[in-house]
Amino acid sequence: MTVAILTVDQRGSRSGPDLVPDVLDSLNDAALADPLRPFERTAGDEVQGVLVDGAAVVDRIGLLLRASTWNIGLGIGAVEEPLPSSTRAGRGEAFVLARQAVMRAKQHPSRLSVVGVPEYRAMRIETVAWLWAGVLNRRSTRGWEVADLLGEGLSHADAAHRLGISQSAVSQRAQVAGLVEGDRAARLLTELLDEALREER
């Protein structure tokens, strides 16, 4: 079985509060697509989960990028079966690759890395993920306000009313926030992940 292992490590944990309980609540939120195995604290300030759906991976990476406090490693590969009920007890290639990815993420400006088999496919996924991260990391608080409202299905007019600004101001904020670019990158990343996760090896 090919799976995605998302391993994340808190940045600056020695000088700040423990953010693991809150991030576990976010990553295991019932509003998101269920992981194959839930996210758990694996060691210290690190958490890990097992996923088999591209959208589920992208939703969680988006949450982590927005928080700007995590090194994000994604490993794509096989796992030993049967997979135990606890993520911490899992073994196999994907877990090893996720460990490599989170270590690499600490050295990259985006704090995000993807390692998988075959390597060329993981590189394509990582490239799109970096471009998407670049859009999200530049998004301001005002940009996120507009993104959240439009993401709920509100029209530009409704978002303008909610924020107390003009429709043209909403459109301008959406453009500066890169909403179109971000949405397209997220969709492409989802498709690439689904292709990789459907592959039988």
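Observations, loosely collected:
- Ser13 farther than 23 Å from Val79 by Cα, touching a helix residue (DSSP H, G or I) at 6+ places or on another chain (Cβ under 9 Å) and surrounded by 14 or more Cβ atoms within 10 Å (Cβ to Cβ): yes
- Every residue from segment 1-41 that is over 26 Å from Leu189 (Cα atoms) and at pLDDT below 95: Gly12, Ser13, Arg14, Ser15, Gly16, Pro17, Asp18
- Residue within segment 161-181 that is under 14 Å from the mean Cα position of the chain (by Cα), farther than 19 Å from Ile76 by Cα and buried (at least 16 other Cβ atoms within 10 Å of the Cβ) present: no
- Summed over segment 164-184, residues that are free of Cβ contacts under 8 Å to residues at least 12 places away in the same chain, over 20 Å from Leu65 (Cα atoms) and part of a helix (DSSP H, G or I) total 4.
- Residues located in segment 1-31, provided they are under 17 Å from Leu65 (Cβ atoms), in contact with a strand residue (DSSP E or B) (Cβ under 8 Å, 6 or more places away or on another chain) and not hydrophobic (A, V, I, L, M, F, W, C): Thr7, Asp9, Gln10, Arg11
- Candidate set: segment 63-87, residues that are in contact with a helix residue (DSSP H, G or I) (Cβ under 6 Å, 6 or more places away or on another chain) and of a type in the set (Val, Ile, Thr); chosen: the one farthest from Arg124 (Cα to Cα): Val79
- Selection within segment 31-52 - free of Cβ contacts under 8 Å to residues at least 24 places away in the same chain and more than 16 Å from the chain's Cα centre (by Cα): Arg41, Ala43
- Subset of segment 79-98 that is farther than 22 Å from Trp132 by Cα and within 20 Å of the chain's Cα centre (by Cα) - its residue that is surrounded by the fewest Cβ atoms within 10 Å (Cβ to Cβ): Arg88
Here's the yes/no breakdown for (1) in contact with a Cys (Cβ under 7 Å, 6 or more places away or on another chain); (2) assigned by TED's automatic domain parsing to the domain that holds Asp9; (3) not hydroxyl-bearing (Ser, Thr, Tyr):
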position	(1), (2), (3)
Val102	no, yes, yes
Ala105	no, yes, yes
Arg121	no, yes, yes
Leu149	no, no, yes
Gly153	no, no, yes
Ser168	no, no, no
Ser171	no, no, no
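- Condition check for Ser68: polar (S, T, N, Q) and modelled with pLDDT of 95 or more: no
- Verdict on Val117 being in the same structural domain as Arg37 (by TED's automatic domain parsing) and surrounded by 15 or more Cβ atoms within 10 Å (Cβ to Cβ): yes
The values are calculated or read from the model by the stated rules, or taken from the named source; none is laboratory data. A quick note: this is a predicted structure, and the numbers were derived from the prediction, not measured. Using ideal geometry, Cβ is built from the backbone for each residue, glycine included, and neighbour counts are taken over all protein chains shown.
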